[in-house]
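Below: the structure, in structure tokens.
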Amino acid sequence: MSGFVIEFEGEPVQARAGESVAAALTAHGIRGFRVTRSTAERGVFCGMGVCQDCLVEVDGVPGKRACMTVVDRPLSIRRQRHGAALAPVSDAMPPATIDELAVERPELLVIGAGPGGLSAAIAARKAGAEVVVLDERRSPGGQYFKPVAVAGDDIAPPDAQHREGLALVAQTRAAGVVIRSGVSVWGAFQRLEFAATSDKGETRRYLPRAVVVATGAYERAWPVPGWELPGVMTTGAAQTLWRTARRLPGRRVLIAGNGPLNLQLAAELHGGGAEVVAVVEAAGSAMRAPAAVAAMALAAPGLVAQGLAYQWRCMTGGVPMLHDMVVSAVEQRPSGLAVTLAGGGATRVLEADVLCLGYGFEPSNELLRALGCRHDHDGTRLVTVRDADGQTSVAGVYALGDCTGLGGARVAAADGTLAGLAAAAGLGHAVGPELARLGRQAASAAQRHRRFQQALWDVYRAPALAIAQVPDDTMICRCEEVRFGAARAAISDGLADAGSVKRATRIGMGPCQGRYCRPLLEALIQEATGKAPYETSGFAPRPPFRPVTIRDLAGKP
Amino acid sequence: MSDALPASIGTVVIGGGVVGACVAGFLADEGQDLLVVDEGRGAGSSANAGSLHVQMQSRFMRLYPENVPNMELQLPLYPKAVAFWRELAGSLNADFDLKMTGGLMVAESQDQLDFLGVKAKRERQLGLDVEILDRAQLDAIAPYFGPGIVGAELCANEGKLNPLLCNAAIRSWILARGVLLAEGVSVAGIARSGTGFAVTTTRGTVTAGRVVLAAGSGTRLLAAGMNPAINIPAVAEPLHMNITEATAPLISHLVQHADRMITLKQFGTGQIVIGGGWPARQDVPGGHAEVELASLIANASLAQHIVPSIGNLRIIRTWAGLNTSVDGMGVLGAVPAIPGLFVAIPGDAGYTLGPLSARLVADVMLDRKPGEDISPFRPERFE
């Protein structure tokens, strides 16, 4: 096995080449990464660069996300302490202007290299467009494919889902699409101007003629007392550890949430040698919704078979399935996390090293909102207004997949093809009969998979989070450590909009930019005032959408 | 306040930023009944970055050289305005995170230092506590500047505060005094009605004995729509701001530059706020301002040029706000042509001057002699 010895707080840790710092440390039982203002420790939570809770200092450079930092050499890692002193720097760079930034003017810019973005890139390229894809992760594939990043004899080989992703990436490259990985797009401005910084610290300006936004989704908060404790992470974070680095999040893993991803994770971690304490599902058993199961089977028999296989692997592996229950509290005990489950008027406590929470997703729509694309609020989340080909309300801006509302990887891939063709046509490229046929196939696949998705939601229908029941001492804003009680106090003081509560309480002022607290705050405001959330009722989109280091804006010395 | 507005009230204050809110608070302290109408929520002050300016800002001197005589006319008010903020914190028993640590305007060349020398001499004549420091003297009190800085002007009267804390405390104060606050309500017009006014809003018409225009640059259109039309040439300056994540205490001063647009300061939260006049865009007059990439790059890269160690900090948020500029001075007091109409626009550094300006206007409205000569700021000077 190729690897490096990295240091964590002075202690050596054996890491695999290509894995994330988060994966290497997690594999060695290290769960506390950043230290907050109140000196609490935080660990890997989202595992995908959104939450900013796994911050570490890497070789003396502060503010690095452990989940996004790849081990490609021996590294010295320290916990990121809130408000830590800065090292003196003597090499000031001259003041820069925007004209000194490198500029790229691709005909079509695709943001996000998941199934949707890659499908869009392929379709547009086939129609003759010159396409550049930007993606924040080290390898393309996004949150659905999560490519294996490590190699070695002891590494489980890629599975079918991995292989499908590799094939799609290969097809994208073969078509002549340029994929730039490790590039974070953190700014979107009027007139299709984008700012992006690479993991090497180089900032560029992108001025495409058209853009396809396919930035996916991140997991919604499940706010219960203790949800900020190290060891509590999203289902996606645990899946990333396993699927990309072949690392288990812990020995005893409790998985709780709503939806099929939790079952897949349970099957994968069980197969990888973890003890899956239980899968706790908020919905009732699928057997209670036979019509919906039948609809799913008709729309996508392959996916249903896959789901059944996950279920079978859990069952034969002795993983308990607990239906109609949710996590209601987490507490750190010397022997592990004590997780309280509630449902049907009863509670029970299970102990685990790691708790995975997978209670649905929230669209990553900040670039679209910054570009001025119109959105509707469907009562739960924002949905991008777009036509069947992905054209948004802003000329030259196309959008698809989970960032526009939720639909899953298959819908994203099909919509990607449609958006890619529409973008190419909009740029003046002819869409010939062969591509038109591809478009018709994609349209019918999109329709079929939407039916599947609808039936899936019917099967997994569960009560929504009861925001009124969340105790006052529960964290609402993880970044600024503000609790529900403070939010409720501000609202009862007469602050009736998210922006005012933000300014009064600091909720949403941290580096994650309110991604987790914003929907919770809007639900609290709705509960108190009866005002339903709408397009602009949340926090205004404010670049940078990922924190950006000042040095990286000033060019190189 | 989400229900209907009152049919009539003693005074309507238009604009609920720091100035309008404080005018209302000072009048309510004397038992008057008031309605504050604000198009947004917390108006312009929701975007303020918390500098307490005293010395003349090189930015305004460069941009509007014709305004310099007016800036000098208002200059003696600035240190008093800062002192007044401190008084207000005391009387409201509130923590504003107010620090009177002084302000440094740095120079990178002898020319710039000479300019600061001339400026400091004039400012001293006008009562400011300023001195010129060479690099060694600068390092003794602020050992964090980059290699290019040759010296600075230190103004001991300057400081900083956290506007989020101030705005929240001022809001609590005026609500406790019974001021009615109508947010998200626009004013369509102000008509004279009997001896008072009929203020038409998006939530109905309110009659009032007196009206205060404290709507920043929005005052221009409101005043122009009166009968007779009043000329208040206030313009909006859409400006860009940045804030970093927290770091250990490093920069105690309010930092500016003799020849480049920047303000740089550290809040009690440990976060560094970088601003200083880089433009934001405002596509529709009166509409929201949006940040621009060019300003973000220029402002942030200049900040690390002046204080290199912050290059390793991350910017976590930017925002845009509207400053209001008139002719280098505020517009304060009664409008002689329309009895019962008052204007309260503080001047170039609106937030710094806000509470004191509000106090002076409130004094006029209470038939008290204001503690300062406000005749240079009279609203009729543009007629």
- Across region A:185-235, the tally of residues that are more than 14 Å from every other protein chain (Cβ to nearest Cβ) and either closer than 22 Å to A:S119 by Cα or of a type in the set (A, V, I, L, M, F, W, C) (or both) stands at 18
- Would you mind stating whether A:D153 is of a type in the set (D, E, K, R) and within 14 Å of chain B (Cβ to nearest Cβ)? no
- Query: Can you spot a residue in region A:10-26 that is more than 14 Å from every other protein chain (Cβ to nearest Cβ), crowded, with 21+ Cβ neighbours inside 10 Å and among the basic types (K, R)?
  - Reply: yes
- Query: Quick one: would you say B:G311 is within 14 Å of chain A (Cβ to nearest Cβ) and outside any loop (DSSP other than H, G, I, E, B)?
  - Reply: yes
- Message: Residues to consider are B:E153, B:E131; find the one that is among the acidic types (D, E), surrounded by 23 or more Cβ atoms within 10 Å (Cβ to Cβ) and over 28 Å from B:P6 (Cα atoms).
- Response: B:E153
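Conditions tested, residue by residue: (1) surrounded by fewer than 21 Cβ atoms within 10 Å (Cβ to Cβ); (2) assigned by TED's automatic domain parsing to the domain that holds A:L118; (3) assigned to a helix (DSSP H, G or I).
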| residue | (1), (2), (3) |
| --- | --- |
| A:D389 | yes, yes, no |
| A:Y398 | no, yes, no |
| A:R410 | no, yes, yes |
| A:G420 | no, yes, yes |
- Say whether the condition of being out of contact with any helix residue (DSSP H, G or I) (no Cβ under 6 Å at 6 or more places or on another chain) and either under 24 Å from B:A198 (Cα atoms) or of a type in the set (D, E) (or both) is met by at least one residue in region B:315-333. no
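Each row is one residue, and each column tells you yes or no for (1) of a type in the set (A, V, I, L, M); (2) out of contact with any helix residue (DSSP H, G or I) (no Cβ under 8 Å at 6 or more places or on another chain); (3) over 21 Å from A:T36 (Cα atoms).
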position	(1), (2), (3)
A:G485	no, yes, no
A:A490	yes, no, yes
A:D493	no, no, yes
A:A496	yes, no, yes
A:R503	no, no, no
A:I507	yes, no, no
A:P511	no, yes, no
A:G514	no, no, no
A:R518	no, no, no
- Message: Tally up the residues in region A:344-378 that are on the phi > 0 side of the Ramachandran plot and more than 21 Å from the chain's Cα centre (by Cα), please.
- Response: 3
- Item | Residue that is surrounded by the fewest Cβ atoms within 10 Å (Cβ to Cβ), among those in region B:320-334 that are part of a strand (DSSP E or B) and at pLDDT 95 or above | B:A334
- Only one of B:V12, B:V19 that is part of a strand (DSSP E or B), more than 30 Å from B:V106 (Cβ to Cβ), away from chain A (no Cβ under 14 Å) and touching a strand residue (DSSP E or B) at 6+ places or on another chain (Cβ under 8 Å): B:V12
- Could we say that A:L109 is over 17 Å from A:G236 (Cβ atoms), under 18 Å from the mean Cα position of the chain (by Cα), in contact (Cβ under 8 Å) with a residue 60 or more places away in the chain and assigned by TED's automatic domain parsing to the domain that holds A:G416 here? no
- Task: Considering only region B:335-355, state which residues are farther than 27 Å from B:N48 by Cβ, touching a helix residue (DSSP H, G or I) at 6+ places or on another chain (Cβ under 6 Å) and either buried (at least 22 other Cβ atoms within 10 Å of the Cβ) or among the hydrophobic types (A, V, I, L, M, F, W, C) (or both).
- Result: none
- Do the conditions hold for A:V56, that is, is it farther than 27 Å from A:G396 by Cα, within 14 Å of another protein chain (Cβ to nearest Cβ) and touching a residue at least 12 places away in the same chain (Cβ under 8 Å)? yes
- Do you know which of the residues in region B:149-165 that are outside any loop (DSSP other than H, G, I, E, B) and away from chain A (no Cβ under 11 Å) is farthest from B:V54 (Cα to Cα)? B:G151
- Could you run through region A:479-520 and say how many residues are among the hydrophobic types (A, V, I, L, M, F, W, C) and either assigned by TED's automatic domain parsing to the domain that holds A:R42 or out of contact with any strand residue (DSSP E or B) (no Cβ under 7 Å at 6 or more places or on another chain) (or both)? 12
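Residues B:A191, B:A136: which one is surrounded by fewer than 21 Cβ atoms within 10 Å (Cβ to Cβ), away from every other protein chain (no Cβ under 11 Å) and part of a strand (DSSP E or B)?
Exactly one residue qualifies, and that residue is B:A191.
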- Conditions (1) at pLDDT below 95; (2) small (G, A, S); (3) not assigned by TED's automatic domain parsing to the domain that holds B:G15: number failed by B:G184: (3)
- Task: Could you list, in sequence order, all residues of region A:100-130 that are modelled with pLDDT of 95 or more and among the acidic types (D, E)?
- Result: A:E104, A:E107, A:E130
- Of A:G358, A:G416, which residue is in contact with a Gly (Cβ under 6 Å, 6 or more places away or on another chain), within 26 Å of A:R42 (Cα to Cα) and surrounded by 22 or more Cβ atoms within 10 Å (Cβ to Cβ)? A:G358
- Query: Looking at (1) out of contact with any His (no Cβ under 7 Å at 6 or more places or on another chain); (2) modelled with pLDDT of 95 or more, which is the one condition that is false for A:P147?
  - Reply: (1)
- Give the residues of region A:347-387 that are of a type in the set (S, T, N, Q), part of a strand (DSSP E or B) and closer than 30 Å to A:A195 by Cβ, sorted by residue number. A:T384
- Task: Only residues in region B:270-281 that are within 17 Å of B:Y351 (Cβ to Cβ) count as the first member; pair them with residues that are among the basic types (K, R), Cβ under 6 angstrom, at least 6 apart or cross-chain, and list the lot.
- Result: B:V273/B:K265; B:G277/B:R59
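The values are calculated or read from the model by the stated rules, or taken from the named source; none is laboratory data. Please read all numbers here as calculations on a predicted model, not as lab measurements. Here Cβ is always computed from backbone atoms with ideal geometry, including for glycine, and neighbour counts include all displayed protein chains.
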